[in-house]
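Just so it is clear, none of the values below were taken in a lab; they were calculated from the coordinates. Since the structure is predicted, the reported quantities are computational estimates derived from the model, not experimental observations. Heads up, the Cβs are rebuilt from the backbone with ideal geometry, glycines too, and the neighbour counts pull from every protein chain shown.
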Ligand SMILES: Nc1nc2c(ncn2[C@@H]2O[C@H](COP(=O)(O)OP(=O)(O)OP(=O)(O)O)[C@@H](O)[C@H]2O)c(=O)[nH]1
Ligand SMILES: [Mg+2]
């Protein structure tokens, strides 16, 4: 029943909008991210359209002139897929697809499709399916549009109210079943967690593609999948590690990205609770991204939202090997051991020793019984 979009080798255009009054660098970063997300799924991005808008057109989101320009480009270049950076309403989807005679998806759908492809464990699979169903529910006529296409192409009579209602009922039933399944797995996982409640727990958190899994593999000798793409790992991996004879549980968690779909955050609540129950969070940051400060704020805001206290977070600036090649900054390198900030290269295994020492020093003061940090 869920519609899957085929991105592989499809000639694609991206569309992003910028509110006229608020032109800043952010949209450039977002369109770069959208490009990477599309390519992660195998799409071939031919062109990016960026439109400055004063207000959102209720019918087609972007202006009439722009959509005509995109239409000509699509016809001339045989484009098969259009990806919007903004979230579209069901009627906007329908109107735009009708004009462009091409499949249209939005950023949320792309992120959900990547997650769905990458999930391995039945837990992650169920969480993502739940997010997909919630998304489908909010775009229901869009879902029908696809069925309509299968039946006979764009432009056919719209769905009857009763058909939409049946779809809605079926999706709600599936959501209920998935919620039950997730609850059951949560219960099992809670029991597992209770077994290790006397061991100090550490989670690797951070934006996507910053090197969390690379660091996980180095610290724990795990074999977590690593790739220079967004959301290489969406399953949580847990390993036991030992530093100076002290045992720890280390978890590699799902990465964050700007405008993470609300449905996903909602479905991943239990994964976030894994983070919540940690004694120490290692916030991995890609120091080579020019806007890494923005990533830090974004991740920290989510962490604060779920109730994490700042004093249990260590910031680890990763990929200093590239930084030193491109732009040697000895002053930064020298700061590798100040307060709760460290500079490392997970790939080149540089300064991992300092990180281990930092972890040990930090957790030495945790009294597992009360779960409190005595000295900090
Ligand atoms: N140059 C350099 N590259 C690194 C370093 N650490 C990781 N990488 C690369 O960064 C990319 C992403 O690494 P991952 O470990 O998969 O990142 P992640 O944070 O787990 O990413 P997601 O699971 O997608 O959220 C890979 O190509 C790694 O080889 C580093 O210290 N230096
Ligand atoms: Mg990873």
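Which semi-axes, in whole Å and largest first, does the equivalent ellipsoid of segment 197-373 have when worked out from the alpha carbon gyration tensor as the square roots of 5 times its eigenvalues?
Taking √(5λ) for each eigenvalue gives 23, 21, 16 Å, largest first.
If you stretched the chain out fully between residue 258 and residue 8, how much longer would it get, using 0.36 nm times the residue separation minus the C-alpha to C-alpha distance?
Stretched fully, the residue 258-residue 8 segment lengthens by 87.6 nm.
Would you mind computing Rg(Cα) / (2.2 N^0.38 Å) for the chain, counting N as its residues?
For the chain, the normalised Cα radius of gyration is 1.09.
How far is helix 161-195 tilted off the main Cα axis of the chain, in degrees rounded to 10, range 0 to 90?
Roughly 10 degrees, rounded to the nearest 10.
Quick one: grab the alpha carbon gyration tensor of segment 223-313, order the square roots of its eigenvalues as a ≥ b ≥ c, and give me rounded if a/c is under 1.5, else prolate or oblate depending on whether a/b is larger than b/c.
In terms of gyration-tensor shape, rounded.
Give me the one-decimal nm value for the distance between modelled label points at residue 71 and residue 165, 7 Å along each residue's Cα-to-Cβ direction.
The answer from the label model is 3.5 nm.
If I fit a long axis through the Cα atoms of helix 140-152 and take the longest principal axis of the Cα atoms of the chain, what angle between them do I get, 0 to 90°, rounded to 10?
Rounded to the nearest ten degrees, it is 50.
Rounding to the nearest 10 and keeping the result within 0 to 90°, find how far the Cα-based axis of helix 107-118 lies from the longest principal axis of the chain.
Between helix and principal axis, roughly 60 degrees.
Just the number, please: percent antiparallel of the DSSP beta bridges in the chain, rounded to the nearest 5.
Expressed as a percentage, antiparallel bridges in the chain total about 25.
Over the chain, what relative contact order in percent results from Cα pairs under 8 Å that are six or more residues apart?
Rounded, it is 13 percent for the chain.
So how long is each side of segment 1-108 along the principal axes, counting just the alpha-carbon atoms, biggest first, in Å?
For segment 1-108, the Cα spread along each principal axis is 37, 32, 28 Å.
Using only Cα atoms, locate the centre of segment 247-270 and the centre of segment 54-70, then give the distance between them in Å, rounded to an integer.
Their Cα centres are 34 Å away from one another.
Out of all DSSP beta bridges with both ends in segment 7-112, state the antiparallel percent to the nearest 5.
Looking only at bridges with both residues in segment 7-112, the antiparallel portion is about 5 percent.
Given a Förster distance of 45 Å, report the FRET efficiency between residue 297 and residue 78 from their Cβ-Cβ distance, rounded to the nearest 0.05.
For residue 297 and residue 78, the calculated efficiency is 0.65.
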